[in-house]
4 protein chains.
Amino acid sequence: MKALVYHGPGKRAWEEKPKPAIVDSTDAVVKIARSTICGTDLHIMKGDVPTVTDGRILGHEGVGVVEAVVKAVTSFKPGDRVLLSCITSDGKCDACKKGMYSHCERGGWILGNTIDGTQAEFVRIPHADTSMYHVPRGADEEALVMLSDILPTGFECGVLNGKVKPGDTVAIIGAGPVGLAALLTAQFFSPAELVMVDLDDNRLEVARKLGATKLVNSADGKAPEKVMALTGGKGVDVAIEAVGIPATFDICQSIVAAGGAIANVGVHGKSVELHLEKLWAHNIGITTRLVDTVTTPMLLRTVVSGKLRPAQLITHRFKLSEIMKAYDTFGNAAREKALKVILTSE
Amino acid sequence: MKALVYHGPGKRAWEEKPKPAIVDSTDAVVKIARSTICGTDLHIMKGDVPTVTDGRILGHEGVGVVEAVVKAVTSFKPGDRVLLSCITSDGKCDACKKGMYSHCERGGWILGNTIDGTQAEFVRIPHADTSMYHVPRGADEEALVMLSDILPTGFECGVLNGKVKPGDTVAIIGAGPVGLAALLTAQFFSPAELVMVDLDDNRLEVARKLGATKLVNSADGKAPEKVMALTGGKGVDVAIEAVGIPATFDICQSIVAAGGAIANVGVHGKSVELHLEKLWAHNIGITTRLVDTVTTPMLLRTVVSGKLRPAQLITHRFKLSEIMKAYDTFGNAAREKALKVILTSE
Amino acid sequence: MKALVYHGPGKRAWEEKPKPAIVDSTDAVVKIARSTICGTDLHIMKGDVPTVTDGRILGHEGVGVVEAVVKAVTSFKPGDRVLLSCITSDGKCDACKKGMYSHCERGGWILGNTIDGTQAEFVRIPHADTSMYHVPRGADEEALVMLSDILPTGFECGVLNGKVKPGDTVAIIGAGPVGLAALLTAQFFSPAELVMVDLDDNRLEVARKLGATKLVNSADGKAPEKVMALTGGKGVDVAIEAVGIPATFDICQSIVAAGGAIANVGVHGKSVELHLEKLWAHNIGITTRLVDTVTTPMLLRTVVSGKLRPAQLITHRFKLSEIMKAYDTFGNAAREKALKVILTSE
Amino acid sequence: MKALVYHGPGKRAWEEKPKPAIVDSTDAVVKIARSTICGTDLHIMKGDVPTVTDGRILGHEGVGVVEAVVKAVTSFKPGDRVLLSCITSDGKCDACKKGMYSHCERGGWILGNTIDGTQAEFVRIPHADTSMYHVPRGADEEALVMLSDILPTGFECGVLNGKVKPGDTVAIIGAGPVGLAALLTAQFFSPAELVMVDLDDNRLEVARKLGATKLVNSADGKAPEKVMALTGGKGVDVAIEAVGIPATFDICQSIVAAGGAIANVGVHGKSVELHLEKLWAHNIGITTRLVDTVTTPMLLRTVVSGKLRPAQLITHRFKLSEIMKAYDTFGNAAREKALKVILTSE
């Protein structure tokens, strides 16, 4: 079969690889129907993720059709259309029993990382019963690809951890795909104000269409002052960090109101300075989280019922075989005005 | 001044009464700008509420202007426009410290019950600092009258107690004003399905306009079967009882899914049969509550931000001096297609 | 092998049955080391549980040694000492993902009910990875038998559902084994008062030794008045129903304070009268639950750390082969002053 | 009257000051019966708290007798024995309605800070109804002095914010009075292990007597390694920071398990380095809080019921008039083996 293979920093190829087969009795082999590229894949291509080694098939998102399962898999059979979770969960370790699938003892984020991933014609999915979901009848499968990673990430790490409530003022720092996923799902809880902060006016305009009530361009370094002015000096109830650098975490520290929350979503490569000399008495909470995808069943229901329309995040479409070009486009997101790309198999 | 006065079952008059004065240092005297009539007022008129005695001015809802306060009231001054809460809270007893204002040791539901109420030109409000709210600049005051009682009742007793969550299936039994208030505020949490159950097709149509996704006319006694069919035999996550009779509570018992909740909002005059022989193993919760109005500040923010539009519940408007006629209309709600009436002073 | 077999109401025998074998790839076969008899087994013997049919091996509690597993079971191997849960969980259905194992689509309470149980020399355990627990090194295995059912039942259905908090006043109605399990585990949360209500002075004395701070003998029908007097007329924050008849549920309704909770633990055979005409405005919660055993890992930690000493509930010990005599003793609990009996294999 | 007066860094005097009088209608004047000295008072004496100015009477803890109130105070009358809260709450601002008294718009920590405090013969208490508590009949008043600040601080900022649960492993960094208050109150929730970390073997021994199950002397800089070894490499569920310097916050970051919590209690004078490059995927929460004293009524119940015995923290007793000597002793806590001192008026 063909697959997108990592060959060290900066090197990738769409090349022939052996078709995967079932290894453990709880595996499924799935034929990929649709996949996408994640910001994390770009990090991998830069060499920032040392667990990914030469020869690895990338990708941890997708929708497909079950090709093969054996007896221990009881929830799926060949021919079933399935949504693949970016997180593999065995459903039985201590972490999974607590709903913290991201720290599964036999899973977690392994697809396209320590085992081969979904940017390929076929993929092997371990612990299939607890790591895949049935595609609801009639669902838009392009929209569902957004549920492999990006929507649960914005929702769980940003919105749920931030405890967004009706009437709240929420700021989201970073209007990339994950920040916009937080924007879409924050609206589940009817906040009064949704302030979007980004450097890129195009992305801010997208945010406005997706529900942001206030836009702040932070290119002048004055985002904190602007957000404080918008909130009458009180600050925000919830600040969602969706970038992953010290400067954006700093904005969050500066704008969170007493009693508020900072929900970190961004993947950080460096430490940040936490201003406890001010914040010790500010009654705040700060959370971190690798997405657990524990809310996927709920997100599926909101998509089916029309409360959530994640296809709004899709800006580009390619054939799966054009994935090399898709990487180029997604890798120049600002210039290409790209959010999420869809790769469709033929 | 003029006021609507109760003179025993079936007898009411719009008559002259002394203008109220400040009694305690925490009182305010408020000139009524807008008021309304509650289903509870009709119960009082039937003689069902023994704490209400001959000579009492009725009414526990309204918006007005502060006429007088003395020094211990620090949050309000004469001229301030205020929303009056149906629940009086002293802000300092054990119940109030827990947010259970309904059981305030020196308050609770007393307006238009054990002290004179708001269907008058003026009203005395005890514990003014903790029982009134500033009208936000530019707010629609007719809409705010809905926040005195009906919106927090539907929201706190129905939606919050029922723990409505994104993706849930919610049934509301009773499409009267309080059931519709639950319908409006349930949407804060983005349930997948909102099933409205009522005997009256007109009210069901109103419910559809206000956001119900499924309508069930229960006149044939088959509401449970219909709701179970709509939910694929699973039942609903949340059943909100907004009528107050055994038959409607029974519907709730029949349709609640394992792990679900029954949130009682209705005012009951009789006991009900609770089927513990079935429900003991069904992992459900049942809640009861007299509204606390603890969410009024939050509801105000959602009205100001446009997330909640309670004016949709208003069907009729009268001058305050026409209140006798307004009672007649509201007392024939089905025939008059009346939900909430607004009474405006001149 | 030998097993205790149900042959219709009132008929049981310790007789030869085929040794169980692995049927599904997720099964384990376990050699029973210790078991016990549950109040539910007595209900079955009366013919009250129609799902139990002639020929069924009873029992849903026990500790044993893994005899055989096949490849899909990854957490256990032959020779492992294991605690058996009364609830079978597949770990992957919607109910299990929510932690509601009691309503597992392929499990729930099936042991000694719809499949053969643990009052035998060997038992087949379906979904072994998610329905058994490793016995911690050095643990008292007699104590652990209490964790198969009775301790999680008292804790989850009574204490957790009742939301017992530090400083609370808690009443437990029924000082049988499950009520005493609630008494032991309520102390995890340091309530100020633990009032035990029962008809039997011997059981009340046991309750005092296990931590009850007040005892109420309800034989005179005056339990509500006595409890109200003990609480200065306020009632209790949490009332735990651990009997399962209308009279004891009534006591709970009479004594629950405004804002309080009634947590039903008892298995009810009849409906009860719920006094909504009083309780609608009382801001209470009522919960029902079949035990999920979702807290078993946590209870194991509290036993190992010495915070919970469930062996205090054991009053009698028999050889497994003496189980017919053990049933006679346990069936005359009041006369024999029996709480829990331990059956040990030779 | 006599009072302990701050006269700039390092300068204090027990000197004559005017007896306070009622200023606002919600004030009380209280005759001090017992007071104490807080670590914060030592910070003030170093000049670290710029809001405290020359001439200020220090102290924010104490028990006393109401000397005078006027009409707007309805819960207290002259002669009542009262516990004074370190936090003044008006009971009516947005913050107080949310239970965040520490950020009260007209109060917060003002006693012995921006208004005169409790280390005096008399003190004026603003917002008396919501800032004082009745001393329960027969209560040990020395023990209650611990409830003015230190117990709610350890409990709210450490134990409640850390969400300590039965079976948890909890580490407390810092065995000073506040860390020990966290130790005492963590036991309300029956954690399996309570690891105490400090530099001082004497304080660690005290911790053992008060319930710590493991002791770690951190003088060698190896606390993280030791705690990880004690937890089998998993880390702790809850890490409570009760010192207030970067080094102790660092220990917390190093030992918190995936899914765990860091609850900051310490007063920090500098920022800390937060290792988001590791923690972003670790699913943790970090909280900060100035004590709200919202749990004081509950703590009072646990003291009366004997579940909490805060008098164990008292090591020294002085007459109020000996307060200059008491400061010397408390200021040399390690050498004097001092935890809390009690000052009693004559």
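With respect to (1) of a type in the set (A, V, I, L, M, F, W, C); (2) open to solvent by 20 Å² or more (accessible area, probe 1.4 Å); (3) part of a loop (DSSP other than H, G, I, E, B), the lone exception for A:Ala212 is condition (2).
Tell me, yes or no, whether the range D:14-22 has at least one residue that is touching a helix residue (DSSP H, G or I) at 6+ places or on another chain (Cβ under 8 Å) and either under 20 Å from D:Asp149 (Cβ atoms) or assigned by TED's automatic domain parsing to the domain that holds D:Asn332 (or both).
Checking the range D:14-22: at least one residue is touching a helix residue (DSSP H, G or I) at 6+ places or on another chain (Cβ under 8 Å) and either under 20 Å from D:Asp149 (Cβ atoms) or assigned by TED's automatic domain parsing to the domain that holds D:Asn332 (or both).
Within the range C:219-256, restricting attention to residues that are in a strand (DSSP E or B) and in contact (Cβ under 8 Å) with a residue 40 or more places away in the chain, which residue is most open to solvent (accessible area, probe 1.4 Å)? Filtering the range C:219-256 for residues that are in a strand (DSSP E or B) and in contact (Cβ under 8 Å) with a residue 40 or more places away in the chain, the one most open to solvent (accessible area, probe 1.4 Å) comes out as C:Asp237. The set of residues in the range B:118-165 being of a type in the set (D, E, K, R) and not in a loop (DSSP other than H, G, I, E, B) consists of B:Arg124, B:Asp129, B:Glu141, B:Glu142, B:Glu156. D:Val170 meets each of the listed conditions (1) surrounded by fewer than 24 Cβ atoms within 10 Å (Cβ to Cβ); (2) at pLDDT 95 or above; (3) not in a helix (DSSP H, G or I) apart from (1). For the range D:35-51, residues that are open to solvent by 10 Å² or more (accessible area, probe 1.4 Å) and either free of Cβ contacts under 8 Å to residues at least 40 places away in the same chain or β-branched (Val, Ile, Thr) (or both) total 6. Here the helices (runs of 4 or more DSSP H) wholly within the range D:258-346 that include at least 1 residues being among the aromatic types (Phe, Trp, Tyr) and more than 14 Å from chain C (Cβ to nearest Cβ) are D:323-331. Condition check: away from chain C (no Cβ under 14 Å) and of a type in the set (Lys, Arg). Does D:Lys214 satisfy that? No: the conditions fail for D:Lys214.
Of all residues being outside any strand (DSSP E or B) and not acidic (Asp, Glu) in the range A:189-205, which is surrounded by the most Cβ atoms within 10 Å (Cβ to Cβ)? Just the residue, please. The extreme case among them is A:Pro191. So, of the residues in the range A:52-61 that are within 19 Å of A:Val23 (Cβ to Cβ) and buried (at least 19 other Cβ atoms within 10 Å of the Cβ), which turns out to be nearest to the other protein chains (Cβ to nearest Cβ)? Among residues in the range A:52-61 that are within 19 Å of A:Val23 (Cβ to Cβ) and buried (at least 19 other Cβ atoms within 10 Å of the Cβ), the one nearest to the other protein chains (Cβ to nearest Cβ) is A:His60. Name every residue in the range A:137-152 that is open to solvent by less than 10 Å² (accessible area, probe 1.4 Å) and not aliphatic (A, V, I, L, M), in order of residue number. Correct list: A:Ser148, A:Pro152. Scanning the range D:1-27 for residues that are on the phi < 0 side of the Ramachandran plot and under 23 Å from the mean Cα position of the chain (by Cα) yields D:Ala3, D:Leu4, D:Val5, D:Tyr6, D:Pro9, D:Arg12. Can we say C:Asp48 is closer than 30 Å to A:Tyr101 by Cα and among the charged types (D, E, K, R)? So C:Asp48 fails the test. State all residues of the range B:10-34 that are in a loop (DSSP other than H, G, I, E, B) and open to solvent by 60 Å² or more (accessible area, probe 1.4 Å); if no residue qualifies, say none. Listed by number, the residues that qualify are B:Gly10, B:Lys11, B:Pro18, B:Lys19, B:Ala21, B:Val23, B:Asp24. Looking at the range C:286-302, can you tell me whether even one residue there is among the acidic types (Asp, Glu) and more than 30 Å from B:Val272 (Cα to Cα)? No, the conditions are met nowhere in the range C:286-302.
Among the listed residues C:Thr185, C:Thr248, C:Thr288, C:Thr213, which satisfies the condition of being hydroxyl-bearing (Ser, Thr, Tyr) and out of contact with any strand residue (DSSP E or B) (no Cβ under 7 Å at 6 or more places or on another chain)?
C:Thr185
The residues on offer are C:Ala181, C:Ala120, C:Ala128, C:Ala186, and the sole one that is under 22 Å from C:Thr231 (Cα atoms), open to solvent by less than 10 Å² (accessible area, probe 1.4 Å) and at pLDDT 95 or above is C:Ala186. Yes or no: B:Glu67 open to solvent by 10 Å² or more (accessible area, probe 1.4 Å) and free of Cβ contacts under 8 Å to residues at least 40 places away in the same chain? The answer is no for B:Glu67. Identify, please: which residue in the range B:71-117 is part of a strand (DSSP E or B) and more than 10 Å from every other protein chain (Cβ to nearest Cβ) and is, among those, surrounded by the fewest Cβ atoms within 10 Å (Cβ to Cβ)? The extreme case among them is B:Ile115.
The values are calculated or read from the model by the stated rules, or taken from the named source; none is laboratory data. As the structure is a computational prediction, the values presented were derived from the model and not from experiment. FYI the Cβ positions are ideal-geometry reconstructions off the backbone, even for glycines, and counts take in every protein chain you see. SASA here: full protein model, heavy atoms, side chains in, ligands and nucleic acids out. Shrake-Rupley method; radii C 1.70, N 1.55, O 1.52, S 1.80 Å.
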